[in-house]
Structures are given as structure tokens and as C-alpha cells.
Amino acid sequence: MNEPTPPEVPEVPEVLEVPEVVTQPRAVEQHGVEPVPESERTVGAADLFQILINVMINPALILIGGFGVVAGLSFWAAIAAEVLGVFIAFTTYTIMATVGVDYGIPGIVSTRAFVGIAASRWVVSTIRAVSSAFWFAFQTIAASMGIVAVLKQLFHVNTSLILVSVLFAILQAIVALFGYDSLKWLSKSVFPVKVLVLGYLMYVMMTHHAPDRGVADVFAWNGTEGWNWPVFSIWVGATVAAWFTQVTDAADYCRYCSSRRSMWTATMSAALVGIFCAAFFGAYAAAASGATQANPFVYIPDLGIGSTTLILVLIVLVLDNWTINVLNIYTGGLALANLTVKLGRFWSTLTVAIVGTVLSVLPALVDDFSEVMDTIGSIYAPIVGVIVADYIWVKKWHIDIPALYEPHGPYQYYRGFNLIASAWVIIGLIIYFPLPATVLPTVVVAVVAGVGYVATVRLLKPKGAAFSGPRSDAVAPHASDEVGVF
């Protein structure tokens, strides 16, 4: 898809005067809702790839692959459902990631241009902060279940799942408070260890199995439903819904990135390679267990393996979950900083971490995964559809950056709400639940809301910078990029 050629824009100061900048504690990332100066946007494809593939290979996404098999899907169908879901979701994800590369702003701040400043702060930020806390808790509980299973095998003790979850949640939250540099450091340090240990655990599963659960048997596992579309569509939809919650955060990972080209390459390759590996690992364990256990980190300790292997399981659980949950809390903190600007990034991140830790005492979050994803999908589907459509076809890939911070500027719309966007989000919510899972309601509602929004805007032809494009003082896209590179 080619971008419209942007209008000529004047030079702008590298550091934009933003009234919402809040001083942070020393030794932590200083940039919150304000743009990252171009001189600091030096992250290349390799660093971004490592960050994102660590996001993709994590206990929760591994667990979803196992869920698919336990639900009756064949081994390959469970993997395909996750890969297809990620591919669909990342089509929108990478579009909104360009906001971070071009302007250096958090994704949640960019939504002010699409839905209005008040709607962005009070509605979208609240939803995103809550979903970040949910994902933090879900990841923590999924990993803690494995930790409890390992501790039981190693020391023959029944450890409290709630206690392990809370202590693990606190450990994970600490790194997120320091900011983006800590994410790069953690990703570089952990990724090689994760690859080696997960590869070894894959070997363990392939060589320690029941007589009728060999590699060939697992690959041929057809389950009770096989590729049955009604079941397959549920897991595709759940995966899409899960990643739609991340679309408003896509720019957060890329706001220090050096170019669109490196962002695109790193993001899509990390997403597809990472989700295939995660789904393969989870689906293999579930099929090897005879579809009785979805969590490989609970299944592997029951194979009668030695203490050394159990310790490796424990290490990969801690490191794997640590990398993904640092990102959950980091992006959730930026969302909350958009809502409560006086808190700043550090204190907002701490607040989300506390809420996520509290939710970590609720193991039922894992059991009710598909229901929770259905609810989240109903909310995010129309929001994603509207903001992507507005960015491409109404704003034509440009955002008026100074206007994002002007309480009475063009993105104020009507009392802080873009009424057309609000209307189509509400319409999307109304039509979501009557739709059967077989039509992928998350995808359908996103398309309907996006198309309806653009058609309504063009029909009404409202005037003003917020609809007609950037003002003359808008910030130009990243200088190192070529126009037309998607």
C-alpha cells in the first residue's frame, strides 16, 4: 500500500515544547507522553526484533497453542489458528507502529488525533491500562502454574500459587520502571538463553513420551475436531482480539526506532517467527499429553525428568515471563500517563504494576481466557477499525503533533470527543455480540467500523485540520524514511 505524498512542511524544533512533560526520578527513562527527539531514535532492526520476538515467545502464547489442541483442534490447526490470528492483527499493528517511527510519540497519545483528546485520555487510556494489567496478571499466573509444578517435583512441597504469583509479579515489575533501555538490555540478555533452553525442552518432550505419543504421532494428531472451522475460528478470533489490545501500543516499541524500513522488517518477522515457535511448543506438549494438559510447563515436570532439567524449566519460565511482562507494564504505564499526565511515566507504570499484581491472585483469569478475549475483542475491534481508517484515509498518514497537546486545538473536536468516531465505536459494540464466532466478529466489526467511519466523514465533509490533514506547523515524518515505504 502506497502512502499519499505529504505536503511540504517547515522545519520544526527537534525538542517540542510540551506542557505535559513531567520530571521523572533519576536513572529511569525520562520520556513519557512527549515525542522522543530524533537524535535519540537510534534503535535498529536487530534490537527491535529481539524485543518483539521475546514478546511473542512467552508462556501465555505458548499456553494458547495448547488450549487449541485441548479444545479439539489438530496439532497443525492449533498452530495455524495462532499464526493466522497474529498475521491479521499485525496488519493493523504495523500500520500504527509507523506513528512511533515518524513522530517518536507513544501510540496511546496518537489516538488523541483520531478519537479526540478527552476520549483518548479517559476512554482509550483507561481500557488500555486495564487490559495491560490483565495481560500482566494472565502471564504471571500462567508462568506461576509452571513454577509451582517444578517446585513440587524438585522439593516435594505444595507451594501456594497465589504467593508465587504475587512474588513473581513484583520481580517482573521492577525492570519495567526503568524504561526502554531496560527492555533492550533484558531482551539481549534473555533471548539466547530462552532459545537454548526452549530448544532443549523441546528435545525432552520429543524423547520422553508415552508409547503412542512419538513425534510422528504428535504431528499426525487430529484431535476431536481436526480443522473444524467453528472451533478453528474461535482461536483465530481470540488471537486477533488478544493482539488488537496491543495496536494502540505499537508505537511504544518503535518510538526509538531509526526508520520505517527497519521497523517493518523487524516487527513482521519477529511476529510470525515468534508466534509459530510459541504455538508449536504449546501445541506439541498438549498433543503429547493426549490433549489432557494445555500448559507445557506443567506437562514437562510430570515426565519424570531430572533435577537439572527441572531447574532449566524454572529458569526459562522466569526469564520468558519477565521479558513479556516488562513490556505489558511499560505500555500500560504510558497509557495511564496519557490519562493522568501529572503522574508521569514512572509513577503511572508503578500504578499499573500494583493493579496487575493484585489481579495475579485470581487464577480464574486463565480458565476464562476465551470469554475474556471475547469481551476485549468487542471493545477493541471498533476502536482499532476507526483509528486505522482515520490514520490512512482521513489523516493520510499525518498527525499534527503540536495539536495533540493543545486543549483547544483541532483534536478537541466536540468537548474532546470525535463524535463520528464515537458513534462508529458504539455501533461496532452493538453489532459485535450477535455475530457468530464463525465469521470472526473481531475482524468483521473492525472493518465495518473503519469503512463506516470513513464513509461518514466523507459524506459530511466536515471542515478543519483534524479532518483535512495536518496544519502548516505539523511535524514531518522521520527524515530518514522514504515516502511510500509502508
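The values are calculated or read from the model by the stated rules, or taken from the named source; none is laboratory data. Owing to the predicted nature of the structure, the values given are computational and were not obtained by experimental measurement. A quick note on method: Cβ atoms are made from the backbone with ideal geometry, for glycine too, and the neighbour counts reach across all protein chains shown. Surface areas here come from the heavy atoms of the whole protein model, side chains and all, with no ligands, DNA or RNA. Shrake-Rupley method; radii C 1.70, N 1.55, O 1.52, S 1.80 Å.
Computed values, structure above
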{"read-out": "Using θ = phi - 60° and Karplus 6.51 cos²θ - 1.76 cosθ + 1.60, couplings along segment 376-386 (whole Hz; Gly, Pro as x)", "value": "4, x, 5, 7, 7, 4, x, 5, 4, x, 5"}
{"read-out": "Cα centroid separation, segment 376-414 to segment 272-293 (Å)", "value": "38 Å"}
{"read-out": "Rounded, prolate or oblate (a/c below 1.5 giving rounded, otherwise prolate when a/b exceeds b/c) for segment 242-335 by Cα gyration tensor", "value": "prolate"}
{"read-out": "Local net charge near W76, Cβ-Cβ under 13 Å (Lys/Arg +1, Asp/Glu -1)", "value": "-2"}
{"read-out": "Order of exposure, largest accessible area first, which applies to Y413, Y253, Y203, Y299 with probe 1.4 Å", "value": "Y203, Y413, Y299, Y253"}
{"read-out": "Distant-in-sequence amide H partners of G226 (H built 1.01 Å from N, under 5 Å)", "value": "S74"}
{"read-out": "Sum of side-chain charges, W221 neighbourhood, beta-carbon under 12 Å (Lys, Arg +1; Asp, Glu -1)", "value": "-2"}
{"read-out": "Segment 293-428, accessible area per residue, ligands and nucleic acids excluded (1.4 Å, Å²)", "value": "33 Å²"}
{"read-out": "Calculated from backbone phi, Karplus (6.51, -1.76, 1.60) coupling profile of segment 391-400 in Hz, x at Gly/Pro", "value": "4, 7, 9, 9, 7, 6, 6, 10, 10, 7"}
